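This report refers to the structure that appears directly beneath it.
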Amino acid sequence: MTILKRRILINILGGTIVAILLGGLSGIIGIIYILNLYGKDLPDYTQLANYEPPIVSRIYAGDGSLLSEFAKQKRLFIPISAVPPRVIQAYLSAEDKNFYSHGGLDYLGLMRAVVTNVKNMFTGGGKVGASTITQQVAKNFLLSGIQTYERKIKEAILSYRIEKAFSKDQILELYLNENYLGYGSYGIAAAALSYFNKSINQLELDEIAYLAALPKAPNNYHPVRKYDRAVGRRNWVLKRMHDEGFITEEEKFIAQSKPLITISRDKTRTFKAEYFTEEVRRELKAMYGNQELYEGGLFVKTSLLPKYQIIAERELKRGLIAYDRRHGWRGPIARIVIENMENIAEKLDNLKAIIKRDIPLGIKAWQLALITEVNQEKAIILLPEGSRGRIDLDEVKWARAWKKKEYLGPKIKAVTEVLKAGDVIVVEEIFKSKAEADLKTGPETSGDLLLQEIEATRTYGLRQIPEIDGALVAMDPHTGRVLAMVGGFDFKRSEFNRATQAKRQPGSAFKPFVYAVALEHGFTPSSLVLDAPFVIEQGYGLGKWKPQNSSNKFYGASTLRLGIEKSRNLMTVRLAQYLKMEGIVEIAERMHIMNDMPAVLSMALGAGESTLLNMTSAYGMIVNGGKEITPTFVDRIQDRYGKTIFRHDQRECQDCRLQEWRHQKKPEIPDNRKQILDPVTSYQMVSMMEGVVQRGTGIRIRSLRKPLAGKTGTSNDSFDTWFIGFSPDLVVGVFVGFDKPRSLGKGEEGSSVAVPIFKEFMADATKGSAVIPFRIPEGVRRVRVNPVTGQIAAVGEKGTILEAFRQGSFPTKKGEVLDGFNSLVQTKTKLRTGTGGIY
């Protein structure tokens, strides 16, 4: 080689080296520039260390039954330590085989993807990706899903930083719990349940492979709509697992040969107590906010007892239906024109269209039906599934026409007086028979109706969705724990909770608190109060107020006990006037019945407004010996880590936490309840209200032959009807009334509407329970007296009762009568004559 050629070659090599060096330097500068440009203002990746995925909050009944779940995303979090190794192997094989060796970016995988994509440009193949699991974590948690070069650069930078800050297992744990895998499932634990109804450690190899095939695009591998593609992707994952040495050839072959069969997740078994659950939801929202409720994974243990809840819902509905049937038929739900029998198929479609309106019926056994034919003795109905049935005359005799003010039309003598062809009605099957139908081909004996020969052997009863509504609350009187609550006939019809949200007039159900004030001021259950006309000026231009007893009669001097038992209005008003209304207002606030009650006499008769929950709680404070309680629906709340963050019972009992019993003394749990009513006064009220059940307005309950007490309540013109009663360890309140207040009708009172509901609830709720008498506190002396006069009974006198007196206060031969002078007047045998003040 000549010197010239050598120099030329050296110059060329030198230039090439310089060019390479300059190119490399430019590349480095470019990379530094890009890293600097896109590395600024990136999301804070350290927040992943405190990652708390949104998980389901669950509400449980007192017996552990699931009541409801609250969540925006159905996710079950599973720590990496609990993930089976084979599941990890499947995901690594499918998504990132070099995960445990690369630093966030898989450069070899990236080059492979570039080569493959270039080749596929000419062969028509699809694009392949090269994102590592770390990159996917960066994208899913910190970046948007929009595919741009800018996002990919940011993703790479974040991946590098994440790898420096977190262990591989931490990164993998984030990945396996965050991904959306279809079927409404977030994370592998939820997906295992959704697709195969299994926990993650119960999955077979083929099922694991399918789940590992889903992260890229779950909708593209739907197990039903895109079955072949789903199986192909699953089998590809199995091949990758074999290539990586995770499974044998035989395991791969067996798994690939299996069909892809998904199993619907078992419907979560929940106990339905919708009014109760909704009240708990509102309470949790007020305490912690929406985000914590729907994403915080709260564990909430409530006070609900399903046994009582089932009885409460059944008996309230029965009571409302019974009242509704007493007041007649308001007509069909809808009407469909039927011109002839040939277009019945079309009418069936019309019926189904009405059903799609989702009319809440309230009773599971009830359904809609279409009347197709009617005569005097029966009606033929068409059911949604196309079958037929009949309604006999006896099943519609209750359906007298409803009239204003709850009056009834004439008695029913024929089915045609109630039903017409084309009526859409509510029915309930009442029995099944094999061959009893007397439907014939040809004219009936009346000659006015031609019936088709059909298999209408199933007999149905006519039903009606009650217009009236109500509520029931059952509570532990010692703790305030709400054991059952129904806020209306049907939650789907109305979510308004009549137990907690409706403020209504309790009427006579408020009277016990007036009498409690009297007992606190020296009266006894045998004290006499005048039952006579009472008139008072209400103020200029307002006229006179003239309260009356419900019987419109006057009974003269009567004991406090009789005033409660027979619910005497005039006695109560006269007593309140003597005591002064300030004391009545004070006890209403003390017992948490209502605040800021006006100090007017009508309030003593229950003209104020309160909720059923508050009234029931107040009665609970009477039967528990005068201890203050607060109604509660929630016993305990734990956060996602199991830490108790709320507990209703705040009492501490260190000795209760011992691991074993070594004959030590029984631990004493402190009673922190405030005494807000004297125990003797409380028992005297219990005893007097026991008389309501034995001899008074609640006498229907007496047949249960159990220690029960309570008080009826009926507001003016029977707008509101109540009964609140109790056993020694259970207090139950019932309210019935129209949402838009109006009279329940002549003769309808708490004793006829609310009492039967209470009675049936208590009959079932206390069935099999030990009979426990009401507890008598110290300071009470029981004396046998005449229940009418209140005087000590004579030897051998019949019809006497044991009356509860405070030690040192007993009836005397010369009784005192509270009359219209706001004074106690002594009398031997007769009442004072004359005007006697304002009557």
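For the range 734-773, a/c is not less than 1.5, where a ≥ b ≥ c are the root eigenvalues of the C-alpha gyration tensor, and a/b tops b/c. That puts it in the prolate class. Taking all protein chains as they are arranged and a probe of 1.4 Å, the heavy atoms of Ser257 leave approximately 80 Å² accessible to solvent.
Taking all protein chains together, Tyr288, Tyr60 sort by accessible area into Tyr288, Tyr60, largest first [probe 1.4 Å].
Ignoring ligands, DNA and RNA, how do Glu609, Glu429 rank by accessible area with a 1.4 Å probe, largest first? Please report the intermediate quantities before stating the final value.
Details: Glu609 100, Glu429 55 Å².
Largest accessible area first, the list is Glu609, Glu429.
Dipole magnitude for the range 214-347: about 260 debye, using +1 per Lys or Arg Cβ and -1 per Asp or Glu Cβ, origin at the Cα centre. Just to verify a number: FRET efficiency for Ser167 and Phe253, C-beta to C-beta distance, R0 = 60 Å, to 0.05? Approximately 0.95, to the nearest 0.05. Please work out the Cα center distance from the range 210-277 to the range 757-785, rounded to the nearest Å. Comparing the Cα centres of the range 210-277 and the range 757-785, I get a distance of 60 Å. The residues of the range 611-753 present an accessible area of 47 Å² per residue when probed at 1.4 Å with all protein chains retained.
Ranking Ile792, Ile637 by solvent-accessible area of protein heavy atoms (1.4 Å probe, all protein chains present), from largest to smallest, gives Ile792, Ile637. Along the range 470-476 the Karplus relation, 6.51 cos²θ - 1.76 cosθ + 1.60 evaluated at θ = phi - 60°, assigns HN-Hα couplings of x, 7, 9, 10, 10, 9, 7 Hz to successive residues, with x for each Gly and Pro. In this label model, Arg775 and Gln654 are separated by 2.6 nm, measuring between points 7 Å along each Cα→Cβ vector. In this Cβ point-charge picture (+1 for Lys and Arg, -1 for Asp and Glu), the range 488-603 has a dipole of about 440 debye about its Cα centre.
Once the Cβ-Cβ distance between Lys403 and Leu802 is put in as r, and R0 is 51 Å, what FRET efficiency do you end up with, to the nearest 0.05? Intermediate results must be reported in sequence, preceding the final value.
Numbers: r = 48 Å, r/R0 = 0.94.
Here the calculated transfer efficiency is 0.60.
Over all projection directions, the Cα-based convex hull of the range 564-664 averages an area of 11.2 nm². The alpha carbon centroids of the range 630-661 and the range 279-307 are separated by 16 Å.
Report the charge-dipole magnitude of the range 150-246 in Debye, nearest 20, computed about the Cα centre from +1 at each Lys and Arg Cβ and -1 at each Asp and Glu Cβ.
Around 400 debye, computed over the range 150-246.
Between Ser264 and Lys411, residue separation times 0.36 nm minus the direct Cα-Cα distance comes to 47.6 nm. When the accessible area of the range 713-817 is split by element with a 1.4 Å probe, what percent falls to carbon and sulfur? Result for the range 713-817: 53 percent of the exposed heavy-atom area is carbon or sulfur.
On the protein heavy atoms, probe 1.4 angstrom, tell me the percent of accessible surface of the range 313-383 carried by carbon and sulfur. Don't skip to the end; give the middle numbers.
Working: 1680 of 3490 Å².
Ligands and nucleic acids excluded, carbon and sulfur give 48 percent.
Report the extension gain between Ser101 and Ser81 in nm, rounded to one decimal, defined as 0.36 nm multiplied by the number of residues separating them, less their alpha carbon distance.
Working: separation 20, 0.36 × 20 = 7.20 nm, distance 1.98 nm.
Gain on stretching Ser101 to Ser81: 5.2 nm.
Ligands, DNA and RNA left out, the accessible area of the range 556-663 computed with a 1.4 Å probe is 46% carbon and sulfur. Working from label points 7 Å from Cα in the Cα-to-Cβ sense, the Glu428 to Met287 distance is 3.7 nm. Counting only protein heavy atoms and using a 1.4 Å probe, the accessible area of His222 comes to about 30 Å².
Ligands, DNA and RNA aside, Glu295 has an accessible area near 40 Å² when probed at 1.4 Å.
Taking only the Cα atoms of the range 310-429, the ratio Rg/Rh comes out at 0.98, with Rh defined as the Kirkwood radius. The amide H of Asp635, built 1.01 Å from its N in the peptide plane, has Lys301, Thr302, Ser303 as neighbours under 5 Å, considering only residues 5 or more places off or on other chains.
The values are calculated or read from the model by the stated rules, or taken from the named source; none is laboratory data. Note that this is a predicted model, so its numbers are computed, not measured. Cβ: placed from backbone, ideal geometry, glycine included. Neighbour counts: every protein chain shown. These area figures cover heavy atoms from the full protein model, side chains too; ligands, DNA and RNA do not enter into them. Shrake-Rupley method; radii C 1.70, N 1.55, O 1.52, S 1.80 Å.
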